[in-house]
Amino acid sequence: MKHNFDQLISRNETYSTKWLKFSDESIIPMWIADMDFVCPAEITSAIKKRIDQGIFGYTDTPPSLTDIFTKRVKEQTNWAIEKEWIVWIPGGVVGLNVACKTVLAPGQLTMVPSPIYKPFIDAPVNMDRGFVKTHLIDNEGRLEFDLEAIKTLLTHDTKMFFLCNPQNPGGTVFSKQEIEEISALCEQKGIIVCSDEIHSDLILEEGLKHIPFASLNSYSKDNSITLMGPCKTFNIAGFPIATAIIPNKELREDFVRNTKGIVAHIDSVAFVAAEAAYSNAQAWHSDLITYLKSNKKLLLERINNIEGLSLKGPEAGFLAWIDCSNSGLENPADFFIKEAKVGVYDGAWFGDKNYVRLNFGCPNSVLEEALDRIEKAFSQRN
């Protein structure tokens, strides 16, 4: 492997959100979704060159970035995107909020499959809109849609469906059949789908392939907002930049109008980072996937040997959704943090307190240490 993902780097002096979370510095931070790896050298080199120019004014989207992005999506998914469909925005969460403001009128609802990344719940609330939860089924560790429950919960007030594929926190890569079933239900009710596909470049399970929702059929194309971006793929979460891909011209114009005055410009360095990532960092990304697969294998072996814990995925991403429901713990996250000194994300934040989410996008030695601590803490329980 050409790239070194074993390097240990302290982030204490960088005001890292991830590392500042816990006042006890002995706790290993493994909660929020950014990785403890140096980003591709091609990105840092491009950033340095841009900084050396010395002027940082307002910046329009470089046409070359849009060109390389559309080319990459075609190569990765066989989805042919027209350039005019793309709206560049400062982050996927921005897209969720603007989608709510664009699609929903006051009193209308978006459907949110839970457990889910909490900003999916926050977005309609932020925009003074409503939501209805449908609960995903845990099928031997894989989170799947409950179609009958969805049918029951859909009402005439439900105007949008939030899809997260690959799913966060569970890591499910939904099959073509699964998302076609969602598309069919939405078509019956005239519902627009906002599909967050930010983790789509991080598939770890052999034989699986990401299928963009909007690529399914004419309805999904004309009634969807697809969110993609380089931040998770290339570990540049600190540069908020993403795309909202909206083939429907009227919907796209409404979306853009609803960004006015509330959505910030993307800064010039973020544009540079994104273009360098998509243009020149594929070799780094390939090595990253190999490394994450190795970490996932270790995690599965160790976690499933601890009584009371269970882990089956993820199929994509670097976030492990660990089932603690048989552990007898009232607050699993509290136990991981206080007793094992491993700073996981509380599953309650996503909608299920019987789980914890652990970020394994870290050097293997850090993951080994975390697993040693978890094993020891569970073995010493009274």
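The values are calculated or read from the model by the stated rules, or taken from the named source; none is laboratory data. This one's a predicted model, so the numbers in the text were calculated from it and none came from an experiment. A quick note on method: Cβ atoms are made from the backbone with ideal geometry, for glycine too, and the neighbour counts reach across all protein chains shown.
Just so you know, in segment 322-346 the residues that are in contact with a strand residue (DSSP E or B) (Cβ under 8 Å, 6 or more places away or on another chain) and of a type in the set (A, V, I, L, M) include one that is nearest to Leu311 (Cα to Cα), and it is Ile322. Per this entry, Gly190 is not counted among residues that are on the phi > 0 side of the Ramachandran plot, in contact with a Pro (Cβ under 7 Å, 6 or more places away or on another chain) and assigned by TED's automatic domain parsing to the domain that holds Thr155. Residues that are among the aliphatic types (A, V, I, L, M) and not in a strand (DSSP E or B) within segment 212-238 comprise Ala214, Leu216, Ile236, Ala237, listed in sequence order. Selection of segment 110-135 for residues being β-branched (Val, Ile, Thr) and touching a helix residue (DSSP H, G or I) at 6+ places or on another chain (Cβ under 7 Å) yields Thr110, Val112, Val132, Thr134.
The condition (being over 24 Å from Gln53 (Cα atoms) and either surrounded by fewer than 21 Cβ atoms within 10 Å (Cβ to Cβ) or without any contact (Cβ under 8 Å) to a residue 60 or more places away in the chain (or both)) is satisfied by just one residue among Leu300, Leu288, Leu292: Leu300. Look at (1) touching a Ser or Thr at 6+ places or on another chain (Cβ under 7 Å); (2) part of a helix (DSSP H, G or I); (3) free of Cβ contacts under 8 Å to residues at least 60 places away in the same chain and you find that Val193 fails only one, number (2). Within segment 182-221, can you find the residues that are hydrophobic (A, V, I, L, M, F, W, C), within 30 Å of Ala283 (Cα to Cα) and crowded, with 23+ Cβ neighbours inside 10 Å? Once the filter is applied, which keeps residues that are hydrophobic (A, V, I, L, M, F, W, C), within 30 Å of Ala283 (Cα to Cα) and crowded, with 23+ Cβ neighbours inside 10 Å, segment 182-221 yields Ile198, Leu202, Phe213, Ala214.
Looking only at segment 234-251, decide whether some residue is within 21 Å of Thr155 (Cα to Cα), out of contact with any Lys or Arg (no Cβ under 8 Å at 6 or more places or on another chain) and at pLDDT 95 or above. The answer is no; no qualifying residue exists. In segment 222-261, of all residues being surrounded by 19 or more Cβ atoms within 10 Å (Cβ to Cβ) and of a type in the set (Lys, Arg), the one that is nearest to the chain's Cα centre (by Cα) corresponds to Lys232.
Looking at this structure, is Pro115 surrounded by 16 or more Cβ atoms within 10 Å (Cβ to Cβ), in contact with an Asp or Glu (Cβ under 6 Å, 6 or more places away or on another chain), at pLDDT 95 or above and of a type outside the set (Val, Ile, Thr)?
Answer is yes for this residue.
Can we say Ile179 is crowded, with 16+ Cβ neighbours inside 10 Å, farther than 19 Å from Thr102 by Cβ and among the hydrophobic types (A, V, I, L, M, F, W, C)? Yes; evaluated as a whole, the condition is true for this residue. Being crowded, with 21+ Cβ neighbours inside 10 Å, at pLDDT 95 or above and touching a His at 6+ places or on another chain (Cβ under 6 Å) narrows it down to one of Ala370, Ala340, Ala316, Ala333, so name that one. Selected residue: Ala316, the only one of Ala370, Ala340, Ala316, Ala333 that is crowded, with 21+ Cβ neighbours inside 10 Å, at pLDDT 95 or above and touching a His at 6+ places or on another chain (Cβ under 6 Å).
Residue count for segment 166-197 under the criterion of being in contact with a strand residue (DSSP E or B) (Cβ under 6 Å, 6 or more places away or on another chain) and not hydroxyl-bearing (Ser, Thr, Tyr): the result is 13.
Of the set (1) without any contact (Cβ under 8 Å) to a residue 40 or more places away in the chain; (2) not in a loop (DSSP other than H, G, I, E, B), all apply to Val73 but (1).
Conditions tested, residue by residue: (1) outside any loop (DSSP other than H, G, I, E, B); (2) farther than 24 Å from Asn295 by Cα.
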residue	(1), (2)
Ile9	no, no
Glu13	yes, yes
Trp19	yes, no
Glu25	no, no
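Considering only residues in segment 348-359 that are buried (at least 23 other Cβ atoms within 10 Å of the Cβ) and in contact with a helix residue (DSSP H, G or I) (Cβ under 7 Å, 6 or more places away or on another chain), the one that is farthest from Leu202 (Cα to Cα) turns out to be Tyr355.
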